[in-house]
1. Could you give every pair whose Cβ atoms fall below 9 Å, whose first residue belongs to the stretch 134-157 and is assigned by TED's automatic domain parsing to the domain that holds Glu172 and over 29 Å from Asn124 (Cα atoms), and whose second residue is part of a strand (DSSP E or B) and of a type in the set (Phe, Trp, Tyr), counting only separations of at least 6 or pairs across chains?
2. I need the full set of residues from the stretch 94-118 which are surrounded by 19 or more Cβ atoms within 10 Å (Cβ to Cβ), free of Cβ contacts under 8 Å to residues at least 40 places away in the same chain and in a loop (DSSP other than H, G, I, E, B), in order please.
3. Give just the number: which of (1) surrounded by fewer than 19 Cβ atoms within 10 Å (Cβ to Cβ); (2) charged (D, E, K, R); (3) within 21 Å of Ile171 (Cβ to Cβ) does Asp45 not satisfy?
4. Filter the stretch 48-60 down to residues that are more than 13 Å from the chain's Cα centre (by Cα) and surrounded by fewer than 23 Cβ atoms within 10 Å (Cβ to Cβ) and give me whichever is modelled with the highest pLDDT.
5. Does Ser51 qualify as being under 25 Å from Arg170 (Cβ atoms) and in a loop (DSSP other than H, G, I, E, B)?
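The values are calculated or read from the model by the stated rules, or taken from the named source; none is laboratory data. Predicted model, so just to flag it, every value in this text is computed and none were measured. Note that we place each Cβ from the backbone using ideal geometry, even for glycine, and neighbour counts take in every protein chain shown.
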Amino acid sequence: MDKKKHVSVNIASDAMIPTEHGDFRMRVFVDKNGAEHSILSVGLDDEANKSPLIRIHSECLTGDAFGSLKCDCGPQLQAAMARIQEEGCGAVVYMRQEGRGIGLEAKIRAYALQDQGMDTLDANLALDLPADAREYDFSAHMLKQVGVSSVRLMTNNPLKIDGLVSNGIRIEERLPHITGVCKTNNHYLSTKAKRMGHLIPEQV
């Protein structure tokens, strides 16, 4: 049962897009603040697929578009798209929550503090910003709008699990999603595991 009241979510636009991983259906949703989020999907209309493979991915311009090695976001997005195509049924829920919800400008200011030796958590706190300002209510409502109420979730972040479950999405299975690890982002990943509760093995 939903713990939060139902929110009406509408699809603003809908089209197919070809990618290097295969063709995806892209549906765009606009939240109450005007932010545009999207679902990139394959095979969700097949009634036989009751618990599709899902990745909730927060926007990361530096990683997704520019290939930054400061984080693992770009490789995570590409791996999710490839895995969904291999599975034949699933979706990337792409949320416009840059920098864990603090925005691009603040994220780059936090990067400057990280260059001085702070970890990702302390850099945000030093700027009087939350460690993680993301919310997953709208993600859950987007999934419901396209007929998804139970998922196999690719994530290492327990907050994503809690955010979906508290909004009526059943987690059939959690699948670890670890990729893009390198010496440049090893400390970043270690901070997520040790200080932010992410489910990442220490050996990465």
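1. Short answer, once both residue conditions are applied: Gln145/Phe29.
2. Within the stretch 94-118, Gln97, Gly99, Ile102 meet the criteria.
3. Single failed check for Asp45: (3).
4. Ser51
5. Yes; evaluated as a whole, the condition is true for this residue.
Yes/no matrix, rows are residues, columns are (1) farther than 23 Å from Ser150 by Cβ; (2) assigned by TED's automatic domain parsing to the domain that holds Leu40; (3) not in a loop (DSSP other than H, G, I, E, B):
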| residue | (1), (2), (3) |
| --- | --- |
| Asp64 | yes, yes, yes |
| Gly67 | yes, yes, no |
| Lys70 | yes, yes, no |
| Gln76 | no, yes, yes |
| Met81 | no, yes, yes |
| Ala91 | no, yes, yes |
